[in-house]
1. List pairs: first in the range 13-35 and basic (Lys, Arg), second surrounded by 10 or more Cβ atoms within 10 Å (Cβ to Cβ), Cβ under 9 Å, 6+ apart or cross-chain?
2. If PHE136 satisfies every condition in (1) under 30 Å from LYS29 (Cα atoms); (2) modelled with pLDDT under 90 but one, which is the exception?
3. Is the range 114-133 home to any residue that is outside any helix (DSSP H, G or I) and either in contact with a helix residue (DSSP H, G or I) (Cβ under 6 Å, 6 or more places away or on another chain) or not aliphatic (A, V, I, L, M) (or both)?
4. When the residues of the range 49-64 are filtered to those that are at pLDDT below 90 and surrounded by fewer than 17 Cβ atoms within 10 Å (Cβ to Cβ), which remaining residue is farthest from PRO6 (Cα to Cα)?
5. Is it true that some residue in the range 78-85 is touching a residue at least 12 places away in the same chain (Cβ under 8 Å), open to solvent by 40 Å² or more (accessible area, probe 1.4 Å), within 18 Å of LEU177 (Cβ to Cβ) and not acidic (Asp, Glu)?
6. Has the range 80-91 got any residue that is over 11 Å from the mean Cα position of the chain (by Cα), more than 28 Å from ALA32 (Cα to Cα), among the aliphatic types (A, V, I, L, M) and in a helix (DSSP H, G or I)?
7. Scan (1) within 20 Å of the chain's Cα centre (by Cα); (2) part of a loop (DSSP other than H, G, I, E, B) for the single condition PRO31 breaks and write down its number.
8. Modelled with pLDDT under 90, touching a helix residue (DSSP H, G or I) at 6+ places or on another chain (Cβ under 9 Å) and outside any helix (DSSP H, G or I): is that true of THR186 in this structure?
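The values are calculated or read from the model by the stated rules, or taken from the named source; none is laboratory data. All values derive from a computational prediction rather than experimental measurement. Here the Cβ positions follow ideal geometry from the backbone for every residue, glycine too, while neighbour counts run over all protein chains shown. We work out accessible area using only protein heavy atoms, side chains counted, and drop any ligands, DNA or RNA first. Shrake-Rupley method; radii C 1.70, N 1.55, O 1.52, S 1.80 Å.
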Amino acid sequence: MSPSTPERLSGYTDAVFAVIITIMVLELKPPASAELSALLSLWPVALSYVVSYAFVAIIWINHHYLMTYITSPSLRVIWLNFGHLFFVSLVPFTTAWMAQTEFAPAPVLVYAALFVVTDGMYNLFEREILRSSGEFSPVEYRATRRRSLFAFLLFVVAAVLAVFSNWAGFGFICVALALHLAPDATGWRRRARETRRQRRATPGM
């Protein structure tokens, strides 16, 4: 198999995501007490884990959809993917710090800042793939990019707010994540895949 195929790039990325989630799970330590009420003291761990898990899941889903538009990954795409994964790999560290300090201002600020750089790298990765795919009209391309850039702006706002209010910053992180819940909110990518299937199924095309 060629060293630069979508399958190898996706396979490596999937493995990294699996390791990241495993590390986060290992950070979940049970309470020493046998009482159910002891679980209540773990709310910082549970809340930070849920948000970080959702973040990693959303990244993987969007990455999976983008990879359907790559026929042969360029060196630029590969390096952008590695850069993106570097910042994603720091999520378990910032999640644990934020949980252990019960959402103290400084850890929340670092957590929000990590989301900014991670989403920034994703934006570069997405732009590179969409521009080279040839399956998006200029209008579709601009609409897709506007949504991604708006989410990035919300992450920036979250980081700024975290300087003044840790809970406001954390809340804006959750709002920004919601924008990426559906990687194909418009249906353009689904229609593009259907078009490709029809072309492959039609002889002479």
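1. Hits for this filter: LYS29/LEU42; LYS29/VAL45.
2. Checking PHE136 against (1) under 30 Å from LYS29 (Cα atoms); (2) modelled with pLDDT under 90, the one that fails is (1).
3. Scanning the range 114-133, I find no residue that is outside any helix (DSSP H, G or I) and either in contact with a helix residue (DSSP H, G or I) (Cβ under 6 Å, 6 or more places away or on another chain) or not aliphatic (A, V, I, L, M) (or both), so the answer is no.
4. ILE61
5. no
6. The answer is yes, given that some residue of the range 80-91 is over 11 Å from the mean Cα position of the chain (by Cα), more than 28 Å from ALA32 (Cα to Cα), among the aliphatic types (A, V, I, L, M) and in a helix (DSSP H, G or I).
7. Among (1) within 20 Å of the chain's Cα centre (by Cα); (2) part of a loop (DSSP other than H, G, I, E, B), the lone unmet condition for PRO31 is (1).
8. Against the criterion (modelled with pLDDT under 90, touching a helix residue (DSSP H, G or I) at 6+ places or on another chain (Cβ under 9 Å) and outside any helix (DSSP H, G or I)), THR186 qualifies.
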